[in-house]
Each structure stands twice: as structure tokens, then as C-alpha cells.
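Take a look at the structure below.
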Amino acid sequence: MINVEKIREDFPIYQKQPNMTYLDSAASSLKVKPVIEQINHYYTTLGVNVHRGAYDLAYETTVLFEEARANVAHFIHAESEEIVFTRGATSALNMIANAYRDVLKPGDEIITSELEHHSSILPWMMIAKKTGAKLIYIPLTETGRITVDGFKSVLSDKTKIVAITHVSNVLGYLTPIETIVSLAHEKKALVVLDGAQSVPHLKIDVKALDVDYLAFSGHKMFGPSGVGVLYGKKHLLDQLEPFEYGGEMVDQVTKTDATWKEAPMRLEAGTPVISGAIGLSAAIGYIERIGLEVIHEHTKALHKYTLEKLKNVEGITIYNPTAENPVIAFNVEGVHPHDIATMLDQYQVSVRAGHHCAQLVSQFLGVSSTLRASFHVYNTYQDCDRFVESVIAAKSFFLSF
Ligand SMILES: Cc1ncc(COP(=O)(O)O)c(C=O)c1O
């Protein structure tokens, strides 16, 4: 059994905001003490660059940075050389799409879905425009799910890339990725998985999934903002055209040409996100100490409990009652989501309203925007109660006019 009161002691924000009901972890999670301490340790006792200096401090920093890479690799069952530190999931996904600019040809097809976050779809949309490749959408089920049958209906010999989300950030649906990967590979297509919402909640094994690339961000898993990860199979990363050119990624430079180092260095031009990587590693350490399974069981229980309560409130539309991730997408009939979110803030309940950087999902649902409540390890049943009570109060307030 998880002791949430004890867990909350690890998240210093609760000392400053003891009455806060934070239900926006799908946007960004709260930050955990070991992460803050580790970043503080880097800036107060080290603070120098990696891979460059011949002095002790530089050596120690490099060791810490490369240990962070090894920890990230271990967390998703990858090899260290398969981990590229980026600015976030967005820059990881852009890096991959950009690298295929000179590979894709007119007539090639990129399979994606309407469930994508803009970070997963826009880089490919722009590359498709530049190359003449075609963006193909997996038909979703009535409730908005990606299915293997839907995927099969668009997969063809022309498919070169499958750029897809592992878990939808709006609807919390889990993509049946194992089968999709094996079908894609039969056609020799590469799979780029957006793991921004799955890695903070599910045990990910990139070898078992056999995905070619995976992207995720530190800030959604108790880690710092400004750091993310691009995982790629080593032989693919070694061929990937760098997105940026600069220091430490170079093998040889002449006046007219240059060659690049092997991955991951060839894809980390300039000074990398040192404090971010070290902080992310501390976040992973924390998650491993609590256990992803334990986190999952706890958030699943809160999710179920809240859904049951919310379902009993008249005039609420819940778009994803069967979501696998702890996310509730909903609307209050007759009231704009932003009004509800603003009112919830009066009760110190933080949820997100809008299109959640996934406008195609709103279009699919036939609404301009939705509300989203998302849970993580520090949430309590009291949070769930307060959330539902606040929704009822906000609804009554707006519908009383
Ligand atoms: C599914 C999904 N993909 C990608 C991203 C982009 O992540 P970031 O803004 O950290 O780069 C997000 C962030 O909300 C997301 O939820």
C-alpha cells in the first residue's frame, strides 16, 4: 500500500501549497526532492562542462553525466549509446523527422493518427510537404482508439515511417504498439514512438517493443524541464543526419568537409543538457525506488474512483471512460472548458482546459476544447473528492445565470 502523505514529503511544493489539488501531471509533473538536490549538487559542487576538460572536476562531471545516460538506458532496457539527450520530446521528434528529409521520396507514405500531440505530427507534416511524401491517418474507432485493424487498413508497401503516440495525451488510450511494430517491420517501415505520456506511467522495454525510435520528456516524470530523450537503435542513430552541427559531435574537419562521431555524440552538438540529464537520472532513481507498478496501481485506483463519482454528476460528458492512463477528458454541458478551469482554480484545483496541443483530437470529438484531469503518485482520494465537488460547484455557478 502506498503512503501518499509520506510521498508528498518528497515533493517540496506541497510544503508551500498544502491545499493544492494538482491534477495536471499529464502536462507537467511536480518536481521531486532528489531531482532538485541533484541539480543543486551539480551547480554548487561541479558546474563545469563534460567530455572536454582534462581536470578532475570535468572528469567527475562527465562521469555523472554518462552515469545518467546509463540509468536512462537501463530504465527503458536500451544500451547507453542508444540514448541521446535532447531538449525534450519535441526536439527529439523533430530531430528524427528532419533526418528523414533527404530519405523520403514523393509517393512514400508516413502513417500517423489523429490522436497525435502536435510534436508528433507537425514535424512529419512539414517533412511530407518538403519531400512529396504522403501523410496517412489510421482510421480511429468510434471512441477514438487506434486498433491493429485500423492500422492494417492503411499499411502498404509504400509505408516508410509510422509516427505514432504510445498513449494519447488527451484520451489516455494505449496504442497496441507491439503488433503495429511487427506489422510495420514486415513492410520494412520504421516506427517512431512518442512515449511522452507512456514512459512516466508504464514499464517500457524498447527491446521487447522493438520500436526503432522513442521520444520522451523529463518534466512529465518528476524531472527537470529542458531535458528529453531520443532513444534509437544504434545502427539507425549512427546513420541519422545530425539536426545540429557544432562542438563535440565532430570526428574530423577539413576546410571543405567534416565527418561525425558515432551515436550518441554525433547527435548532441554543443554543450549538452548536463544538469537536465543528471536531474532526469535522479527522477528515474526515485521512480524505481517507489516502483512503476506501485505508481500505476495507485493512479489506476484514483482514476477509477473519480470516474465513478464524475459519472454520477448530471450534465458531464466524459470522452474516455475506458482510458488506460489516469486521464479524464470531459466537458460540462453548456459551459466553456476555460470557464470551468478558471473556476476550479478558485478551489485550488488545477486542471487543464483547451485542445492540449492536439487539435485533431478536439476535431475528432467535435468540440473546440476539453477539460483534462490527470493523476500521479502524489494525488490522494481527497484530491479526487475535491475535484468532483469543485466541478459540481462550478457547474452550478455557471448554469445559475
Ligand atoms: C503525447 C505528447 N507528446 C509530446 C509532447 C511534447 O513534450 P514536450 O513539450 O516536453 O517536448 C507532449 C507534451 O505534452 C505529449 O503529451
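Read the figures in this text as sums done on the coordinates, not as results from a lab. The structure displayed is predicted, hence computed values, not measured ones. Every residue, glycine as well, gets a Cβ built from its backbone with ideal geometry; the counts of neighbours run over all protein chains shown.
Run the Debye formula on the Cα coordinates of the stretch 215-302, all scatterers equal and no solvent, and tell me log10 I(q)/I(0) at q = 0.11, 0.19, 0.21, 0.26 1/Å.
-0.44, -0.93, -1.03, -1.24
Please give the helix 89-99 orientation as an angle from the longest Cα principal axis of the chain, in degrees from 0 to 90, rounded to the nearest 10.
Tilt of helix 89-99: around 40 degrees.
Counting other beta carbons within 10 Å of each residue's own, what order do 221, 20 fall into, fewest first? Present the calculation step by step, with values, prior to reporting the outcome.
Working: 221 25, 20 15.
Ranked by crowding around the Cβ, least crowded first: 20, 221.
Could you name the lysines in cross-link range of residue 188, using Cα to Cα under 30 Å and dropping any fewer than eight places away on the same chain?
Residue 188 reaches 105, 129, 130, 134, 152, 158, 160, 203, 207, 233, 234, 261.
Where does the chain land at 222 nm, in deg cm²/dmol rounded to the nearest 500, when only DSSP H runs of n ≥ 4 count, each adding -39500 (n - 2.57), divided by all residues? Could you put the intermediate results ahead of the total?
Working: 15 runs with 160 residues, N = 401.
Helix-only estimate at 222 nm: -12000 deg cm²/dmol.
Return one number: the angle in degrees, 0 to 90 and rounded to the nearest 10, between the long axis of the Cα atoms of helix 118-131 and the longest principal axis of the Cα atoms of the chain.
Roughly 50 degrees, rounded to the nearest 10.
Restricting attention to the alpha-carbon atoms of the chain, what are Rg (one decimal) and Dmax (integer), both in Å?
21.9, 74
The stretch 285-352: D in µm²/s via Stokes-Einstein (Kirkwood Rh, Cα pairs, 10 °C, 1.306 mPa s)? Please list the in-between numbers first.
Working: Rh = 13.7 Å.
Calculated translational D: 116 µm²/s.
When the chain is treated as a GNM, springs tying every alpha-carbon pair under 10 Å, which of 272, 176, 18 comes out with the largest mean-square fluctuation?
Maximum fluctuation in the GNM of the chain, among the listed residues, is at 18.
On a 0 to 90° scale, report how tilted helix 56-75 is relative to the longest principal axis of the chain, with both axes built from alpha carbons and the result rounded to the nearest 10.
60 degrees
Please arrange 287, 392, 328 by counting, for each residue, the other beta carbons lying within 10 Å of its beta carbon, fewest first. Please list the in-between numbers first.
Numbers: 287 21, 392 18, 328 25.
The order, fewest Cβ neighbours first, is 392, 287, 328.
Taking neighbour counts of Cβ atoms within 10 Å as a proxy for exposure, in what order, fewest first, do 109, 79 appear?
Values: 109 22, 79 15.
Going from sparsest to densest Cβ surroundings: 79, 109.
Can you list the lysines whose alpha carbon is less than 27 Å from that of residue 311, not counting same-chain residues fewer than 8 positions off?
List returned: 300, 395.
Could you name the lysines in cross-link range of residue 31, using Cα to Cα under 17 Å and dropping any fewer than eight places away on the same chain?
Output for residue 31: 6, 16, 220.
What's the center-to-center distance, using Cα atoms, between the stretch 263-319 and the stretch 324-401 in Å?
Here the answer is 19 Å between Cα centres.
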